[in-house]
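Enquirer: Below is a structure I'd like to ask you about.
Computed from the coordinates by the stated procedures, all read-outs in this text should not be read as laboratory data. Just so it is clear, the model here is predicted, and its values are computed rather than measured.
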Amino acid sequence: MSDSDLKPRLQPRTKVEKPKLYRVILLNDDFTPREFVVLVLKGEFRLDEASAEKVMMTAHQKGACVVSVYPKDVAETKATRAIDAAQRLGYPLQFTVEPEE
């Protein structure tokens, strides 16, 4: 038996890439009540009251604001659920999802 027979054979490791992240962006509109926007941000995106208010006001003043960053499937799901909740009540609230650079 040679020394090479006694050494364990190592399997090459495959590198796993981290998933690409996507930003969920809240778009301002002049019709959805601020209280509802804060409620959605707290419920769907798990923001605390102060953070939800800040995101809502930033979107109101600047036209848009990044809510959070997630893997693509999570970002799209959260944005869709938030839009659907608004549409059920007749509000035009919109979120977009775009890749983080």
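Enquirer: Rounded, prolate or oblate: which fits region 40-79 when a ≥ b ≥ c are the square roots of the eigenvalues of the alpha-carbon gyration tensor, with rounded for a/c under 1.5 and prolate only if a/b beats b/c?
Expert: Here region 40-79 falls in the oblate category.
Enquirer: Given the -39500 (n - 2.57) contribution per DSSP H run of 4+ residues, what per-residue ellipticity at 222 nm results for the chain, rounded to the nearest 500 deg cm²/dmol?
Expert: -14500 deg cm²/dmol
Enquirer: Here's another thing I want to ask about it. List the lysines whose Cα lies under 22 Å from the Cα of Lys54, skipping any in the same chain that are fewer than 8 positions away.
Expert: The qualifying lysines are Lys42, Lys62, Lys78.
Enquirer: Suppose a student asked you for the relative contact order of region 32-101, using Cα pairs under 8 Å spaced at least 6 residues apart; what percent would you report?
Expert: Dividing the mean separation by the residue count of region 32-101 yields 29 percent.
Enquirer: Here is a further query. Report the per residue volume, in Å³, of the convex hull enclosing the C-alpha atoms of region 32-101.
Expert: In region 32-101, the Cα convex hull volume per residue is 83 Å³.
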